[in-house]
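The values are calculated or read from the model by the stated rules, or taken from the named source; none is laboratory data. All values derive from a computational prediction rather than experimental measurement. Neighbour counts are summed over all protein chains in view; Cβ atoms, including those assigned to glycine, are modelled from backbone coordinates with ideal geometry. Accessible surface is based on the protein model in full, side chains and every heavy atom, while ligands, DNA and RNA are left aside. Shrake-Rupley method; radii C 1.70, N 1.55, O 1.52, S 1.80 Å.
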Amino acid sequence: SAQLGLVKLLGESSIGAGVRRVDALVGLDAFRYLAREHVLVSQVSESLKLHSAEELPERIAALTGRLRDAERELDRLRAAAVLQAAPELARAAADVDGVAVVAHAAGAVAAEDVRRLAIEVRGRLAPARPGVVAVIGVAGDKPVLVVAVNEAARGRGIKAGELVRIGAGVLGGGGGGKDDLAQGGGTDPAQVDAALEAVRRRVAQAPPG
C-alpha cells in the first residue's frame with residue numbers, strides 16, 4: 001500500500017458467490033480525481049452562494065423539496081385546467097340517435113387527467129338520457145383513450161370496453177375495461193379524430209331505446 005500511495009475507492013460490486021470487486025484509483029490518478037471533485041464542489045457551492053461546502057447537503061435537500069412541491073402544484077393546476085372544459089363539453093354533447101355523445105380531443109395531457117375529464121363530463125350529463133363520453137389525450141406522444149358510459153346508455157347495450165377497443169384499434173393499439181368505464185391507447189396520434197369518429201359510428205349502431 002505504501003507503493004500505491006493515495007487510494008480513492010469508486011465502488012464495489014458482486015462478481016460471484018462470496019466474491020466482491022472493488023474499483024479504485026491510486027496514486028496520481030486518485031489525486032487528479034479528487035482535484036476535479038474539489039473543483040466541482042467549489043463551483044456548486046459558489047453557485048448556491050454557500051459559505052462552505054459543508055452546507056451543500058442541507059441546501060440540496062431543501063432545493064429538492066421545493067422542486068417536488070412545485071411539481072405537485074403544477075400537476076394540480078394542470079388537472080384543474082383540464083377539468084374546466086367539462087361543463088361546456090357536457091352542454092355541447094351531440095345527439096346520436098338519442099344518445100348524448102361527447103367525443104373530445106384533449107390535446108397534450110396526462111393519462112390520469114384524460115380519465116378525470118371523461119368521468120367529470122359523464123357526471124354532468126342528464127342521468128335519464130343515454131350518455132357516452134370519449135376523450136383522447138396525447139401523453140408522451142402516445143394517444144390515450146378513455147370512454148365513460150352512463151347507466152341509461154348501458155341499458156341500450158352500449159359498453160365502454162367495446163368502444164375503447166374500437167377506438168384504440170384505430171389508434172394502433174388496444175385496451176379494455178368495464179362496461180361503465182374503460183381505457184386504452186395506441187401509437188398513432190395522427191388518428192385521434194378518426195378514432196373518435198369510429199366511437200361515434202359504433203354508438204349510432206346501438207339498438208334504439
The chain - percent of accessible surface contributed by carbon and sulfur, probe 1.4 Å
54 percent
With an 8 Å cut-off on Cα pairs and a minimum separation of 6 or more residues, tell me the relative contact order of segment 25-146 in percent.
19 percent
I want to check the label-to-label distance for LEU83 and VAL22. Put each point 7 Å from Cα in the C-beta direction and report it in nm to one decimal.
5.7 nm
All other residues with a Cβ under 15 Å from the Cβ of GLU58 taken together, and with Lys, Arg as +1 and Asp, Glu as -1, what is their net charge?
+1
What shape does segment 39-169 take by its C-alpha gyration tensor, where a ≥ b ≥ c are the square roots of the eigenvalues and a/c under 1.5 counts as rounded, a/b above b/c as prolate, and the rest as oblate?
prolate
For ALA53 and GLU12, what is the calculated FRET efficiency with R₀ set at 25 Å and r taken between the beta-carbons, to the nearest 0.05?
0.50
Excluding residues fewer than 8 positions from LYS159 in its own chain, the lysines with Cα under 25 Å of it are LYS142, LYS178
Considering the alpha-carbon set of segment 17-93 alone, what are its Rg and its Dmax in angstrom?
24.3, 75
Give me the accessible area of GLU55, 1.4 Å probe, in Å² rounded to the nearest 10.
60 Å²
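Averaged per residue, what accessible area in Å² does the chain show with a 1.4 Å probe, protein chains only?
Using a 1.4 Å probe on heavy atoms only, each residue of the chain averages 59 Å².
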Cut-off 9 Å between beta-carbons: net charge of the residues surrounding ARG154, Lys and Arg +1, Asp and Glu -1:
-1
Chain lengthening between ALA70 and ALA108 when straightened (0.36 nm per residue, less Cα-Cα):
11.7 nm
Could you tell me the distance between the Cα centroids of segment 108-182 and segment 28-102, to the nearest Å?
30 Å
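Using only Cα atoms, what is the ratio of the radius of gyration of segment 49-100 to 2.2 N^0.38 Å? Working shown, then result.
Details: Rg = 22.7 Å, N = 52, 2.2 N^0.38 = 9.9 Å.
Taking the Cα Rg and dividing by 2.2 N^0.38 Å, one obtains 2.30.
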What are the semi-axes of the equivalent ellipsoid of segment 111-193, taken as the square roots of 5 times the eigenvalues of the Cα gyration tensor, listed largest first and rounded to whole Å?
22, 13, 9
Among VAL114, VAL102, VAL22, the residue with the largest mean-square fluctuation in a Gaussian network model of the chain built from Cα contacts under 10 Å is VAL22
